[in-house]
Amino acid sequence: MTTPAHWQKSSFSGGGEGNDCLELATTPTPTTIHLRESEEPTTHLTTTPTPLSHLLHHIKTGRLGTPLA
């Protein structure tokens with residue numbers, strides 16, 4: 001597995017000092033999304049668009065932990 005070279009900080013990270021933000025990177029083939037916390041740049045979560053979309057949807061709707069229909 002290759003580690004992406006270009007990470008993008010979340011727009012919700014704010015402009016303050018420190019490493020308290022979420023960063024995201026993608027790799028094109030296969031389409032993979034990498035997530036990491038700035039404080040731990042060598043540790044990251046790897047996923048694909050569909051599971052990440054489901055996770056974000058459940059977080060936004062307050063249904064995290066509820067099975068998909």
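Could you list, in sequence order, the residues of the range 1-30 that are among the β-branched types (Val, Ile, Thr), open to solvent by 80 Å² or more (accessible area, probe 1.4 Å) and at pLDDT 80 or above? Show your work before the answer.
Initial filter on the range 1-30 (among the β-branched types (Val, Ile, Thr)): 2-3, 26-27, 29.
Retained after the next criterion (residues that are open to solvent by 80 Å² or more (accessible area, probe 1.4 Å)): 2-3, 26, 29.
Selection gives THR26 alone.
What are the residues in the range 22-47 that are under 10 Å from the mean Cα position of the chain (by Cα) and of a type in the set (S, T, N, Q), if any?
Taking the range 22-47 as the starting set, the residues that turn out to be under 10 Å from the mean Cα position of the chain (by Cα) are 22-26, 33-37, 44-47.
Listed by number, the residues that qualify are THR26, THR46, THR47.
The values are calculated or read from the model by the stated rules, or taken from the named source; none is laboratory data. Bear in mind that the values here come from a model prediction, so they are computed numbers and not experimental data. What goes into the accessible areas is simple: the full protein's heavy atoms, side chains included, and nothing from ligands, DNA or RNA. Shrake-Rupley method; radii C 1.70, N 1.55, O 1.52, S 1.80 Å.
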